[in-house]
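In what follows, a structure is listed as structure tokens, so that the remarks can point back to it.
The values are calculated or read from the model by the stated rules, or taken from the named source; none is laboratory data. Keep in mind that this is a model prediction, so the values were computed, not measured. Cβ: placed from backbone, ideal geometry, glycine included. Neighbour counts: every protein chain shown. What goes into the accessible areas is simple: the full protein's heavy atoms, side chains included, and nothing from ligands, DNA or RNA. Shrake-Rupley method; radii C 1.70, N 1.55, O 1.52, S 1.80 Å.
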Amino acid sequence: GGQTMRNKKNLTLSQLEPLCILRMLLRNFWLIVLAACIGYFSASAILTGDISRSYSSNATFVVTPQGGSYSSGISVAATSAESYAQLLGSDLMHRVVTASLNGKCDGTISANQIGDTNLIAVTVVSDTPADALLMMQALTEEYDALSTYISSSANLSVLNTPSLSTLVESAFNSRALTRNAALGCAVLMAAILIAIVLFTGTVQNTQAAKDLLDGKLLGTVPHEKGLSMWLKGPSRSNHRLNVTSATVSFDFAESIHRIAETFEQERAAGKTVFLLTSVSETEGKSTVALNVALSLAMKKTRVLFMDLDLRRPVQARNLGIKVPAEQELGAMLSHNATPAEILGNSIVYKDTTMHTLLSQKNYPNAAELIASRSLADLLLRAREYFDYIIIDLPPVGYFSEGEVMLDQADAAVLVVRQDVVPAAVINDCIDALQSGRAEFLGHILNDVNTLASASPTYGYGKYGYGSYRYGKYGYSAPRQNPGAQPQSENTDEFQEK
């Protein structure tokens, strides 16, 4: 049935969350910058091959008067300069120059009168600097033969030594093209990142969870604003997001309490042992499992909370508890302790009704310990004393422990973090959870953040615990003493009867 459902699921706009797209772009902004750099330097390299270079030799000629008054002579010289400029830049002058060089050099000659003065700027352009200089030298040597035909009242002479310069020419606007290439590559990379978000099929909002995932959506846990969206794994758990704390937001606390109500309903139907797991390691299943257990304990029910993620236990750190070596759940299972011994070493969290069985060390033989007879006997005995047994399991997508526990538990819940795992992969894990004796209750969408929720709609002061405490909603949180040390259950109630 699950496979048939998956074949009918199509991506729709209602299943997309714009913040997931923005988050993808921000997290991978370095890729966009890298793509822009690649585009810029690639365009620069291509355009460099299109650039042509030529060399020019420049000289200034001056026309001076012969005889007569100074003022009238200057006027005649300025008038003659226009004619001399036409001569120097003429085809005839070019043929004379190339003939004097035996045709070994080639280039262009241009001459222009400088304003209305008696000065003429002459430029020879050629493909090589040597040709440009040789042609200019030939011009300064051969112009006398032709200049006598222009004017008998003015003389033409070279004013300065010829200079040499390089001319760089391109058929394109290099600056605009390199800029556009960088922008185009950046936009292309951004489009690729957006496509990844759109087509990997992750669960981005509540509607997507309902449409894309098999099973029932049990609840949605919002992103807690006090936590950075970039934090994952152990660094995230160090923040100790705890529903009994007055610092958590109203939205977060209420979402946990609503989920806990589902567990109460299942308890009324005869279920006691609840497994919470996820597909991957970064979905917050440990945080959700712990807070559901705390929420149930806040109603004075007897709760046993077990951290069976023995390869990577984090709940002791989440609760701020230092577990003595002899009270570690992994160690007691390794030594085949009796159920009474294990339960007698359980640690009560502060002054709540929640008993905890935790570990701080990593246990490479976790699968063997979870499949042990000691754990099976422990669960049987614990059912006699506790209203709820909440178990934090390793991710079912990575490890096989979940398959063993499915036959010993009553119910299983999958925690799905927003925009992390593709829906198809999640549904495969749901199929695995549905194959055991435990009933698969559904999934919880965790750490949900949206553009709408990013605005400060619910603040600590106005809608937080300053105005709305748990007492109004039927919860009575005991006063916490932050300095209180966890206590072991030093009674005989877990002893063999």
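How big is the Kirkwood radius of region 382-442, worked out from every pair of different alpha carbons and given in Å to one decimal? Let's see the in-between values first.
On the way: mean 1/r = 0.0800 Å⁻¹.
It is 12.5 Å.
When you take every Cα atom in region 15-160, what is the radius of gyration, and what is Dmax, the widest Cα pair distance, in Å?
27.6, 96
Quick check: pseudo-label points 7 Å beyond the Cα along Cα→Cβ at VAL158 and ALA269, how many nm apart are they?
About 10.6 nm separates the two model spin labels.
Return the inverse of the average 1/r over all pairs of distinct C-alpha atoms in region 88-166, which is the Kirkwood hydrodynamic radius, in Å to one decimal.
On the way: mean 1/r = 0.0761 Å⁻¹.
Averaging 1/r across every pair of different Cα atoms and inverting gives 13.1 Å.
Per residue Cα convex hull volume for region 326-448, in cubic angstrom? Write out the running numbers ahead of the final one.
Values: hull volume 16.1 nm³, N = 123.
Dividing the Cα hull volume of region 326-448 by its residue count gives 131 Å³.
Rounded to the nearest 0.05, what FRET efficiency do GLU403 and ARG175 give with R0 = 41 Å and r taken as the Cβ-Cβ distance? Could you check? List each step's numbers first, then the result.
Values: r = 63 Å, r/R0 = 1.54.
Plugging the Cβ-Cβ distance into 1/(1 + (r/R0)^6) gives 0.05.
Give me, ordered by chain and number, the residues 5 or more places off VAL421 or on other chains with an amide H under 5 Å from its own placed amide H.
VAL203
Just to be sure I understand the model, the point goes 7 Å from the Cα along the line to the Cβ. What's the resulting SER14 to ARG27 distance in nm?
Result: 2.7 nm between the two label points.
Just the number please: accessible area per residue for region 326-369, 1.4 Å probe, all protein chains included, in Å².
Values: 1700 Å² over 44 residues.
Using a 1.4 Å probe on heavy atoms only, each residue of region 326-369 averages 39 Å².
Using a Förster distance of 56 angstrom, determine the FRET efficiency expected from the C-beta separation of ARG317 and ARG53, and round it to 0.05.
Numbers: r = 67 Å, r/R0 = 1.20.
The computed FRET efficiency comes out at 0.25.
Whenever you get a sec, compute what percent of the accessible area on region 218-376 sits on carbon and sulfur atoms (1.4 Å probe).
Values: 2830 of 5710 Å².
Of all accessible area on region 218-376, carbon and sulfur atoms account for 50 percent.
Calculate the tail of P(r) for region 272-362: the fraction of all Cα-Cα distances greater than 17 Å, expressed in %. Provide the component values of the computation, followed by the final result.
On the way: 1952 of 4095 pairs.
So the pairs more than 17 Å apart make up 48 percent of the total in region 272-362.
Can you tell me the accessible area per residue over region 372-419, all protein chains present, probe 1.4 angstrom, in square angstrom?
Numbers: 1460 Å² over 48 residues.
Using a 1.4 Å probe on heavy atoms only, each residue of region 372-419 averages 30 Å².
Which whole-number value in Å² is the accessible area per residue of region 94-206, probe 1.4 Å? Please list the in-between numbers first.
Values: 6370 Å² over 113 residues.
Here the per-residue accessible area is 56 Å².
Based on Cβ point charges of +1 for Lys and Arg and -1 for Asp and Glu, what charge dipole magnitude is obtained for region 315-375 about its Cα centre, in debye rounded to the nearest 20?
On the way: 5 positive and 5 negative charges, 35 e Å.
That gives region 315-375 a dipole magnitude of about 160 debye.
How many nm separate the modelled label positions at THR108 and LYS216, each set 7 Å beyond the Cα in the direction of the Cβ?
It works out to 8.5 nm between the two label points.
Taking the Cα centre of region 354-440 as origin, work out the dipole magnitude from +1 charges on Lys and Arg Cβ and -1 charges on Asp and Glu Cβ, in debye rounded to 20.
260 debye
Tell me the carbon and sulfur percent of the accessible area for region 112-195, rounded to whole percent, probe radius 1.4 Å.
On the way: 2870 of 4870 Å².
Roughly 59 percent of what the probe reaches on region 112-195 is carbon or sulfur.
Can you tell which of ALA154, GLY103, VAL122 lies farthest toward the positive end of the dipole of region 68-161, using +1 and -1 charges on the Cβ of basic and acidic side chains (Lys, Arg; Asp, Glu)?
ALA154
For region 90-171, with only Lys/Arg (+1) and Asp/Glu (-1) charged at the beta-carbon, what is the dipole magnitude about the Cα centre, in debye rounded to 20? Could you put the intermediate results ahead of the total?
Numbers: 2 positive and 9 negative charges, 19 e Å.
The dipole of region 90-171 has a size of about 100 debye.
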